[in-house]
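The values are calculated or read from the model by the stated rules, or taken from the named source; none is laboratory data. Not measured: the values here are computed from a predicted model. Because the Cβ atoms are built from the backbone with ideal geometry, glycine has one as well, and the counts that use them run over all protein chains shown. Keep in mind that these areas ignore ligands, DNA and RNA; they rest on the heavy atoms of the full protein, side chains included. Shrake-Rupley method; radii C 1.70, N 1.55, O 1.52, S 1.80 Å.
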Amino acid sequence: MRGTKLIKELVIKHKTEGVRGIGESLALLNHMKKFGTVTTFKFLRDPLTRENTGMAYVTYMRYDDAQEALKEPEQAVNGLIEPFNTIRLSAYNQHKPHTK
């Protein structure tokens, strides 16, 4: 598999206006579960204000599930109000510090 990186973790970019409470959070989680078993799902919050930044992380149990979700990087989520129901998915690439 040279040149292919296996990804299980995704970044979800969403409009903060679309995810205001538990109902919308669950709608987003349930949308991501359509692709496979989710092991981690968390929203990124501003460390000072604790407000939603418009990003969330999802980790799948299987690499194939994450790849399936990434086939369509821009998706509409049922349960979120238009025009705030569109999300954008990308692979989460952790940058490891360089060591000598």
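Tabulated values for the structure
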item	result
Under-5 Å amide H pairs with M55, H placed in peptide plane, nonlocal only	H14, L44
Relative contact order (%) - the chain, alpha-carbon pairs under 8 angstrom, separation at least six	39 percent
Degrees separating the helix 22-33 axis from the principal Cα axis of the chain, which is the longest one	40 degrees
Accessible solvent surface per residue of the chain, calculated while the other protein chains remain in place, 1.4 angstrom probe, Å²	71 Å²
Rel. contact order, % - alpha carbon contacts under 8 angstrom, at least six apart, the range 36-92	27 percent
Percent of C-alpha pairs per 5 Å bin, the chain, short to long	3, 13, 23, 23, 18, 11, 6, 3, 1, 0
Gained length - T37 relative to Y92, 0.36 nm times residue gap less alpha-carbon distance	18.1 nm
Dipole-positive endmost among I12, Y60, N30 within the chain (Cβ charges, Cα centre)	Y60
Ranked packing of 79-91, 34-46, most packed first, by mean Cβ within 10 Å	79-91, 34-46
